[in-house]
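Student: One structure follows; several queries about it will come next.
The values are calculated or read from the model by the stated rules, or taken from the named source; none is laboratory data. Keep in mind it's a predicted model, so treat the numbers as computed, not measured. Cβ sites come from the backbone with ideal geometry, for glycine too, and all protein chains shown count toward neighbours.
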Amino acid sequence: MNEAPLVGQQHRSLDDTPVRVVSARPTLSTRLKTLWSRRELLIGLVWSDIRIKYKNSTLGIFWSMLSPAFTLGVYFLVFSVFLRNGIPNFVIYLFSGLVVWNMFQNSINTATGVIVDRAALVKKVSFPREILALSNVGAAVVYFVVQLVVLIIFVAALGHAPAWRFLLILPISFLSLYFFTSALAMVMSAINVYLRDMKHLMEVLLQLWFWLTPVVYSYENSIAPHLSRRGLTIIYFLNPITLIVVTFQRVFYVGTVVKSTVAPYAKINILPTWSFDRFLELNLALFAVTVVLFLIAEAIFGRLEGNFESEL
Amino acid sequence: MVAVIDVQDISKSFKIHHERNQSLKERLLHPRTGSTEVFHALNNISFTVGQGETVGIVGHNGSGKSTLLKCICGVLKPTSGEIRLRGSLAALLELGAGFQTELSGRDNVYLYGAMLGFSKNMVDAIFDEVVDFSEIEQFIDTQVKFYSSGMYVRLAFAVAVNVDPDILVVDEVLAVGDERFQAKCVDRIQRFREEGRTILFVTHNADQVRALCDRAVVLESGDMIADGATQDSLRIFREHLMQDAVAHDSAQLLGTITIDSVTTPEGSFDIKSGSGLHLDAAVTSQTAYSGSFVIELFTRGGLLVSRSDAQGSPVNLLPGRNVIGIDLAQVPLLDGIYDLNVGVLDHHANTVIAWSEKAASIQVTYDGREGGIVELGASIRQQ
Ligand SMILES: Nc1ncnc2c1ncn2[C@@H]1O[C@H](COP(=O)(O)OP(=O)(O)O)[C@@H](O)[C@H]1O
Ligand SMILES: [Mg+2]
């Protein structure tokens, strides 16, 4: 080290580079900083996920639009011709909720098994492990955007105007969806390392969860009166997806009380008649809650990941 | 000199579960079945590596070398203690890199680069060099699942050494791939050294440590038993081997048996592939001793070709000079130089009593068409 090397240029000096610390239990803020510094990896993983799904298909992203468009078309046919439930433009109502639900369900279903599936990687390369779960959420977000585009095209094609003012709340609602989904995805992916059939259990639970969320039925129309009579409304809204779904429906479907298309003069209460301020308030509150849940999930993940190597 | 890797009092223990089922049902029904044992793989290890140093980590299998490297890279979390690192780090831990097999080599290069913490622009800049180094141009757009393990390791190594890391960590990967690629890797590690980068290097091959490292750390059952100049550490490592032998066999055998030379009747170690070889080992013993005789054959790259104790048949050493004949019925090796290690083992405790590393180098010439290290005599015909 005293003599100058004969070949090659000298590598940069590291005197001023910051120190990274590997320790038994990094603090939550260190974890979050590390996570943020690796966002490029997250993006890379999201794209590789999508590529694998559409590998060798030149139509790629086009397929991913075609499939929701097709689903939408089928629903349109079914609900306006065969199963007329009297709700006008029911397909828009259905699809605005489904867009949200699909993002949630896809994320959780793929993320739960991801750490076990990628054990080879987890055992060999160092990176924040929760990025794997977050990359599944990221891929689901991409499909969510694609479906949203399909929905918007559809809404425009039907000449149906969204609730412009409520559109402002949509980003807040989406962020709540993102943080809540990420939180659950991280925790489930870690638990599944210890309890391998969590994955199957989750699939079943999600089915049940779907019916507890007003996607294919109208909360106002079917269960709201029963719940409020018993003071159970709050319980129903403990499901964070509910408010998000209702907000999306309010934005795209718009109508709160609509005229039935089958029974003349009958009115249907389809969405809560809350004011803009009420919607904003509730969504801001939910956003704050989901951010806290995200932080808690990150901390839980940190606890659980310490022992991955003994389980994988 | 600034400390680039500062390992402070690292311990790592693993929980080992006996007969435990990872299903929810099993855990709910029988929460107490199976026992959990804590295994201490590393105990209070501390050392620092300064910028520009090349440090080797040696130790027996299971002594905790890989565990230590994994803690340093952050793949494992230490149970206690702290590691402080400066600069970017690229690691090659055992075989491969955990590539995404469904993706092409190209996509994996970018993804692996990102895993190591290098940006897309940085990988763009070195992409051609990576492909060049790995020698898999034709297959770079093929899915990695169709790669041979050699191609896989070459690509992983090419990324790790080309991303311009400040610290390179290598764990026994040089045992894979063909000899020429190994030589290329050793060259690249040499160049890294000359450029003043920091390298941490694990291998079971004492010669590689001797050739590449300024310093060596010796691990023994999770404890650090030496940290010093390569020669000193390797000597302590060997002495430890000997002490083990003494500890197991109450007789003071240490230094009582020496392997003086290994020769052939013809005086030459050049043979043709497939032919046999007779070797004579001259062994001096101070006492009568019955043990087993072991031979090991390594490629120059440090890959173990064969280890044999001739079915454990004992050799009876008499006081004074003994000649032990070793007959290799046939050597089905391909072109190359193979190093021979010989030793005397206590056949009850399986500990080393005398050892001669690189006692001879056998040069094999082969003029057939097979490639690799061993001739399988394959014939291929349509059924
Ligand atoms: N994930 C793990 N779970 C339990 N034990 C482990 C694990 N990884 C390594 N070990 C144990 O730790 C010890 C050290 O292993 P390792 O670091 O791989 O040794 P080396 O690389 O020196 O051969 C071994 O006894 C091994 O069985
Ligand atoms: Mg090892």
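Student: Can B:HIS60 be described as on the phi < 0 side of the Ramachandran plot, within 12 Å of ligand 1 (Cβ to nearest atom) and at pLDDT below 90?
Tutor: yes
Student: Also, I was wondering about something else. Out of the range A:38-53, which residues are within 8 Å of chain B (Cβ to nearest Cβ) and out of contact with any Gly (no Cβ under 8 Å at 6 or more places or on another chain)?
Tutor: Hits for the range A:38-53 are A:GLU40, A:GLY44, A:SER48, A:ARG51, A:ILE52.
Student: Within the range B:221-237, which residues are buried (at least 20 other Cβ atoms within 10 Å of the Cβ) and not aliphatic (A, V, I, L, M)?
Tutor: Of everything in the range B:221-237, those that are buried (at least 20 other Cβ atoms within 10 Å of the Cβ) and not aliphatic (A, V, I, L, M) turn out to be B:GLY222, B:THR230, B:SER233, B:PHE237.
Student: In the range A:171-213, what count of residues is obtained for those that are of a type outside the set (A, V, I, L, M, F, W, C) and away from chain B (no Cβ under 14 Å)?
Tutor: So the count comes out to 9.
Student: Checking B:PRO78 against (1) modelled with pLDDT under 90; (2) at the interface with chain A (Cβ under 7 Å from one of its Cβ atoms); (3) buried (at least 19 other Cβ atoms within 10 Å of the Cβ), only one condition comes out false. Which one?
Tutor: Condition (1) is where B:PRO78 drops out.
Student: Let me ask another. Here are the criteria: (1) buried (at least 18 other Cβ atoms within 10 Å of the Cβ); (2) within 14 Å of another protein chain (Cβ to nearest Cβ); (3) under 25 Å from A:SER37 (Cβ atoms). Tell me which single one B:TYR152 does not satisfy.
Tutor: With respect to (1) buried (at least 18 other Cβ atoms within 10 Å of the Cβ); (2) within 14 Å of another protein chain (Cβ to nearest Cβ); (3) under 25 Å from A:SER37 (Cβ atoms), B:TYR152 is out only on (3).
Student: Please indicate, with yes or no, whether at least one residue in the range B:276-290 is modelled with pLDDT under 85 and either in the same structural domain as B:ARG210 (by TED's automatic domain parsing) or not hydroxyl-bearing (Ser, Thr, Tyr) (or both).
Tutor: So far as the range B:276-290 goes, yes, one or more of its residues are modelled with pLDDT under 85 and either in the same structural domain as B:ARG210 (by TED's automatic domain parsing) or not hydroxyl-bearing (Ser, Thr, Tyr) (or both).
Student: Considering the range B:82-106 alone, what residues qualify as being within 16 Å of ligand 1 (Cβ to nearest atom), more than 7 Å from chain A (Cβ to nearest Cβ) and at pLDDT 90 or above?
Tutor: Correct list: empty.
Student: How many residues, within the range B:147-174, are touching a His at 6+ places or on another chain (Cβ under 8 Å) and within 16 Å of ligand 2 (Cβ to nearest atom)?
Tutor: Result for the range B:147-174: 1.
Student: With the checklist (1) more than 30 Å from A:ALA133 (Cβ to Cβ); (2) touching a residue at least 12 places away in the same chain (Cβ under 8 Å) in hand, flag the one item A:VAL251 doesn't pass.
Tutor: With (1) more than 30 Å from A:ALA133 (Cβ to Cβ); (2) touching a residue at least 12 places away in the same chain (Cβ under 8 Å) applied to A:VAL251, the lone miss is (1).
Student: Can you name the residue in the range B:183-210 that is β-branched (Val, Ile, Thr), away from ligand 1 (no atom under 16 Å from the Cβ) and outside any helix (DSSP H, G or I) and, of all such residues, is farthest from the other protein chains (Cβ to nearest Cβ)?
Tutor: The selected residue is B:ILE199.
Student: Across the range B:338-378, what is the total count of residues that are surrounded by 15 or more Cβ atoms within 10 Å (Cβ to Cβ) and either under 30 Å from B:GLN286 (Cα atoms) or modelled with pLDDT of 85 or more (or both)?
Tutor: Total meeting the criteria: 24.
Student: While we're here: Looking only at the range A:101-114, which residues are under 17 Å from A:VAL193 (Cβ atoms) and either of a type in the set (Phe, Trp, Tyr) or in contact with a Lys or Arg (Cβ under 6 Å, 6 or more places away or on another chain) (or both)?
Tutor: Selection gives A:THR112, A:GLY113.
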